1. By how many nm would the segment from GLN223 to THR40 lengthen if fully extended, with 0.36 nm per residue of separation less the alpha-carbon distance?
2. Under unit Cβ charges (Lys, Arg +1; Asp, Glu -1), what dipole magnitude, rounded to 20 debye, does the chain have relative to its Cα centre?
3. Which one of LEU95, ALA53, LEU235 is farthest out on the positive end of the charge dipole of the chain, using unit charges on Cβ (Lys, Arg +1; Asp, Glu -1) and the Cα centre as origin?
4. With N denoting the number of residues in region 24-138, provide Rg(C-alpha) divided by 2.2 N^0.38 Å, to two decimal places.
5. Can you put HIS197, HIS76 in order of Cβ neighbours within 10 angstrom, beginning with the fewest?
6. Karplus couplings for region 157-167 from phi (6.51 cos²θ - 1.76 cosθ + 1.60, θ = phi - 60°), rounded to Hz, Gly and Pro as x?
7. Over region 8-72, what is the relative contact order in whole percent, taking alpha-carbon pairs under 8 Å and six or more residues apart?
8. With contacts defined as alpha carbon pairs under 8 Å and 6 or more residues apart, what's the relative contact order of the chain in percent?
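What follows is calculated from the coordinates using simple rules that are stated; it is not laboratory data. Source: prediction; values computed, not measured. Quick reminder, even Gly has a Cβ in these numbers, built from the backbone with ideal geometry, and neighbours come from all protein chains shown.
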Amino acid sequence: MADAQGNLVTYSPALTLVPTYECFNRCTYCNFRQDPGQDTWLGLDAAATQLAAVQAQGSHEEPGVVEILLLSGEVHPQSPRRQAWVQHLYDLAALALRLGFLPHTNAGPLSLEEWKFLKAVNVSMGLMLEQVTPKLLEQVHRHAPSKVPRLRLQQMHWAGELGIPFTTGLLLGLGETELDWRDTLMAIAQSHQQWGHIQEVIVQPYQPGHQDRLQGQSVTPEQMIGAVSLARDILPQDITIQIPPNLMSPELLLACLEAGARDLGGIGPRDHVNPDYPFQRLWVLQDLLRQVGWQLQPRLPVYARFVPGLPRHLQEAIGRWQVSLTSA
């Protein structure tokens with residue numbers, strides 16, 4: 001049952017736009033990427049069509065889309081198309097803002113200037129830390145230059161320095177140990193203690209998909225519960241722990257809530273990172289949680305305490321939603 005601290009579990013009503021599936025990394029567990037040059041970038045007109053299709057949706061039972069998650073494959077930092085790609089990320093986020101949505105971009109490591117540029121059109125941003133152990137560079141990240149732990153730690157530091165409301169997380173089941181989980185969580189906690197910018201940490205289990213080459217083992221339910229519990233013990237209390245509901249059984253979902261998770265992330269038509277695992281219908285999740293005392297509540301992609309630090313035009317965009325949604 002829900003504890004005395006409250007019975008709320010949050011989620012973000014979201015639509016994912018993929019600027020491009022191309023990525024210069026070749027992680028062995030990826031079910032998302034295409035080779036550079038093999039994918040057509042999402043055009044602004046096509047994006048506008050997708051956004052227009054969800055503008056009128058929503059009801060009391062299922063709120064309409066609030067968050068536009070711009071989830072992109074990575075264009076190499078030295079690619080002649082890098083500048084055009086970053087500009088395209090900006091243009092897509094600006095389009096979402098103009099149409100009344102709240103953008104959140106996750107596009108891999110960026111330069112400090114790129115973070116500053118994209119900050120102007122995003123209410124929050126994110127980057128998975130995954131794991132800080134360098135041994136994965138000899139395994140699943142052997143051909144993934146942007147997964148170097150010190151590079152991703154630098155990204156988290158820059159986001160804090162720039163005051164960007166930030167989402168990061170762990171990916172479990174890549175060949176790391178439970179001690180590695182602790183080290184990764186400690187690194188996140190230390191960054192947040194310095195900057196106070198991390199709003200949520202995702203604890204995500206690897207699940208095999210149609211395209212990956214990992215041929216590994218998913219974490220057991222007991223390990224997943226243990227990872228959530230460890231995260232709750234190590235992370236500051238103002239960081240929310242997020243779990244992906246489509247990657248676990250109903251029983252495991254409830255157990256992870258008991259262990260300290262309180263958010264289910266962006267829920268929308270499709271999980272583009274894990275396309276083999278569709279999201280449950282919202283009413284199914286609501287009924288599941290209600291039976292054991294939890295209440296599922298929509299939230300904004302930026303938590304309320306971060307809003308005063310955002311540029312005024314983003315605060316105004318957020319204000320239009322705060323009358324209809326309760327922020328976490």
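1. Working: separation 183, 0.36 × 183 = 65.88 nm, distance 3.92 nm.
That works out to 62.0 nm of additional length.
2. Values: 23 positive and 31 negative charges, 131 e Å.
So the magnitude is around 640 debye.
3. Farthest towards the positive end: LEU95.
4. The reported ratio for this selection is 1.19.
5. Details: HIS197 22, HIS76 16.
Sorted ascending by nearby Cβ count, the order is HIS76, HIS197.
6. 5, 4, 4, x, 4, 8, x, 8, x, 10, 10
7. 49 percent
8. 23 percent
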